[in-house]
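Comments concern the structure below.
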Amino acid sequence: MTPPRERPSAREHYSYTAYADPVMARTFDERRFGGPIGELVASTQARVLSNFIGRIQERTILDVGTGTGRAALLLARGGAQVTAVDASEQMLAVARRRAAEQSLRVRFVRSDAHALDFTSRSFDVAVSLRLLMHTPQWRQCLAELCRVADRLVIVDYPSATSVALVQAMTRRLVDAVGLRTEPYRVFTDRTIARTLDRLGFRVRSVHRQFVLPMRLHKAIGSRRFTDLSEDVLDRVGLLRLFGSPVTIAAERCVSS
């Protein structure tokens, strides 16, 4: 995301500065998706996107906050006409290189998630992953996603009823004393649903990933442990209550 035009001071927000770091761009995928648990996160993300969208081929899809382009490339591989935007030219450079290496056609554009340079309802689907938790003005970004999407919006967020709440609070304390961190926000399902409802969208599908902290799963590094433990927690009903991150698909209401 580039800084919101009406708020130039947001240029110093970590969501802009951190991802403009060339080292961050080069290492992002390995840190996020490396190892057995990172691979599980990536494969689950791919499956959830495919299930939520349904037919991907020939759909027009906008990926906002694309980063290194993982979701955009997945959708292009499925035959979608993909436009992907991000504020970080460094992250986009990685995404463009990956697309070229895989011979995939994606239109990459440096743009502002708070003021997307596209006409209303110009894409079948708008996707945005790991954006709302970091962006300075999340409601404005969500409104823009709903504005440009004709039918479906897909977003994710860390749940305020999960252990992510503790980590988010800790990071805010660390940030308050002037240490470098990413003090992201968490959300309740009700807050997201009500905001979408005001924007003319209704939540259609929900996926929750982990009950235990992702950091714990990565520290253990065992796909078997993760599968078994999360399956048990799901069976006793804890995933529905405490699972995070949450990915949702919201569809435009007929009257909107």
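See the values below:
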{"read-out": "Segment 88-99: number of residues that are surrounded by 20 or more Cβ atoms within 10 Å (Cβ to Cβ) and free of Cβ contacts under 8 Å to residues at least 60 places away in the same chain", "value": "3"}
{"read-out": "The listed residue being modelled with pLDDT of 95 or more and of a type in the set (S, T, N, Q), out of THR27, THR60", "value": "THR60"}
{"read-out": "Unique match (being modelled with pLDDT of 95 or more and crowded, with 17+ Cβ neighbours inside 10 Å) among SER205, SER222, SER159", "value": "SER159"}
{"read-out": "Near pairs, Cβ below 6 angstrom, 6+ apart or cross-chain, from segment 138-163 (farther than 16 Å from LEU62 by Cβ) to any residue that is in a strand (DSSP E or B)", "value": "TYR157/PHE187; TYR157/VAL246; PRO158/SER244; PRO158/PRO245; SER159/SER244; SER159/VAL246; ALA160/PHE187; SER162/SER244"}
{"read-out": "Residue list for segment 227-247, restricted to those being closer than 19 Å to PRO36 by Cα and either surrounded by 15 or more Cβ atoms within 10 Å (Cβ to Cβ) or modelled with pLDDT under 95 (or both)", "value": "SER229, GLU230, SER244, PRO245"}
{"read-out": "Selection status of SER128, closer than 20 Å to ASN51 by Cα, buried (at least 19 other Cβ atoms within 10 Å of the Cβ), modelled with pLDDT of 95 or more and not hydrophobic (A, V, I, L, M, F, W, C)", "value": "yes"}
{"read-out": "Looking only at segment 180-226, and only at residues there that are touching a strand residue (DSSP E or B) at 6+ places or on another chain (Cβ under 6 Å) and of a type in the set (A, V, I, L, M), the one that is farthest from PRO36 (Cα to Cα)", "value": "LEU196"}
{"read-out": "Tabulated pairs, segment 125-137, first at positive phi, second assigned to a loop (DSSP other than H, G, I, E, B) and buried (at least 21 other Cβ atoms within 10 Å of the Cβ), C-beta under 8 angstrom, 6+ apart or interchain", "value": "ARG130/GLY65; ARG130/GLY67"}
{"read-out": "Test: residue in segment 164-177 that is surrounded by 22 or more Cβ atoms within 10 Å (Cβ to Cβ) and at pLDDT below 95", "value": "yes"}
{"read-out": "Enumeration of residues in segment 70-82 that are surrounded by fewer than 22 Cβ atoms within 10 Å (Cβ to Cβ) and in a loop (DSSP other than H, G, I, E, B)", "value": "GLY78, GLY79"}
{"read-out": "Residue check for VAL85: in contact (Cβ under 8 Å) with a residue 12 or more places away in the chain, touching a Gly at 6+ places or on another chain (Cβ under 8 Å), of a type in the set (Val, Ile, Thr) and not in a loop (DSSP other than H, G, I, E, B)", "value": "yes"}
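Per-residue answers, yes or no, for (1) surrounded by fewer than 20 Cβ atoms within 10 Å (Cβ to Cβ); (2) touching a residue at least 24 places away in the same chain (Cβ under 8 Å):
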{"position": "ALA18", "(1), (2)": "yes, yes"}
{"position": "GLU30", "(1), (2)": "yes, no"}
{"position": "ASP63", "(1), (2)": "no, yes"}
{"position": "GLY67", "(1), (2)": "no, yes"}
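The values are calculated or read from the model by the stated rules, or taken from the named source; none is laboratory data. Everything numeric in this text was worked out from a predicted model, so none of it was measured. Using ideal geometry, Cβ is built from the backbone for each residue, glycine included, and neighbour counts are taken over all protein chains shown.
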